[in-house]
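To keep things clear, I will list the structure first and then write my remarks on it.
The values are calculated or read from the model by the stated rules, or taken from the named source; none is laboratory data. The structure displayed is predicted, hence computed values, not measured ones. Note: ideal-geometry Cβ built from the backbone for every residue, glycine included; neighbour counts use all protein chains shown. Each accessible area value is taken on the protein alone, full model and side chains, heavy atoms only, with ligands, DNA and RNA left out. Shrake-Rupley method; radii C 1.70, N 1.55, O 1.52, S 1.80 Å.
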Amino acid sequence: MKLEPRSEKGLLTPDNCVITLIDHQPQMLFGVTSIDRQSLINNVVGFAKAARIFDVPLILSTVETKSFSGNLWPQLQAIYPDQTPIERSSMNSWDDEKFVAAVKKTGRKKIVLAGLWTEVCVAFPSVQAIHDGYEVYVVEDLCGDLDEKAHQAAMRRVEQAGAKPVTWIQVMLEWQRDWAKRDTYDAVMDVVKHHAGGYGMGVEYAYTMVHGAPATVHPGWEVPAELVHG
C-alpha cells in the first residue's frame, strides 16, 4: 500500500526510518524492573503492529537464544511470523555484521531502536550507530533494565551521544500525523483500542457511546481441550 507522503522537517516518517527491536527474549525480560513487564510486552506488540500498518522496515534480533536468552517473545513473533530474527553472540548488535548489513540494506539513516537491556543492548549500538553517521531514536517505553537507576543512566548516556528519546505512541502518531489520512486511520485506531490503555478505552467509549459505532469485537477464547479435565 502506497501511503500519502508526510512532511519531514526533522520528524520521523514511514519513508525515512528503519526499526530495530533487539533481544526481546524471556531471559532478558526476567531481569527487568524499571518498567512493568506486562506493559512492556503490550508496548512492543502495539509498536510492531504500527510498523506493519505504515510498512516501515523492521529488523528483529536475538542473542544466544539456545544457550541463555530463549526465543523471541511469541507475542512479538506473531506480528512478524515470517521473519527469522538475526541471531547474535555479541551483546552489541552493532558488532554483528549481519545486523549492520540489514540496517544498511534499507538505505535509511534514521534508526528507531529499542531493546533489553537499556544499559547494554540499547546503549552500545546506539552510541556506535551515531558514530557511524546514523540518527538514532530510542523508544524508551520499549526498553527496560535491571532497575530504574540503570535505565536512566543508560538513557542519559545515549542522549549525550546524540540519540533522541521517544515513546511508541508518539512515533506511531508521528507517522500518522493527520487524522484526515484515512489510508491508515482505522488501523491506527485499532492499535490504540487494543494497546493504548486509557487512551484506547476513551476511543472505544467515544466510538460507541457518542458516535453510535458497534463495539470492538475481540477474538474469542476457549479453554484448550487438552487442559480440560473431568
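Brief remarks on what is shown
- When peptides 17-26, 82-91 are ranked by their average number of other Cβ atoms within 10 Å per residue, the highest-first order is 17-26, 82-91.
- As a rough guide to protection, the peptides 197-210, 119-132 ranked by mean Cβ packing within 10 Å, highest first, stand as 119-132, 197-210.
- Near Glu87, once Lys and Arg are set to +1 and Asp and Glu to -1 for all other residues with Cβ below 10 Å from its Cβ, the sum equals +1.
- Across the options Ala180, Gln128, Val112, the greatest Cα extent toward the positive end of the charge dipole of the chain (unit charges at beta carbon of Lys, Arg, Asp, Glu) belongs to Ala180.
- Per-residue ellipticity at 222 nm, computed for the chain from helices alone with -39500 (n - 2.57) per DSSP H run of at least four residues, works out to -11500 deg cm²/dmol.
- Derived scalar couplings ³J(HN,Hα) [the range 47-62; Karplus, 6.51 cos²θ - 1.76 cosθ + 1.60; whole Hz; x for Gly, Pro]: 5, 4, 5, 4, 4, 5, 4, 9, 6, 8, x, 10, 10, 9, 9, 10
- Set Lys66/Lys149; Lys109/Lys164; Lys49/Lys164; Lys110/Lys164; Lys9/Lys109; Lys9/Lys110 screened for pairs whose C-alpha atoms are more than 18 Å apart: Lys66/Lys149; Lys49/Lys164
- Placing +1 on the Cβ of every Lys and Arg and -1 on the Cβ of every Asp and Glu, with nothing else charged, gives the chain a dipole about its Cα centre of roughly 560 debye.
- Legend: residues Trp117, Trp94, sorted from most to least accessible area (1.4 Å probe; ligands, DNA and RNA excluded), read Trp117, Trp94.
- Per-peptide average of other Cβ atoms within 10 Å, ordering 213-221, 51-59 highest first: 51-59, 213-221
- Overall form of the range 27-111 per C-alpha gyration tensor (a/c, 1.5; a/b vs b/c): oblate
- Residues with amide H under 5 Å from that of Leu58, placed H, sequence gap 5 or more: Ile19
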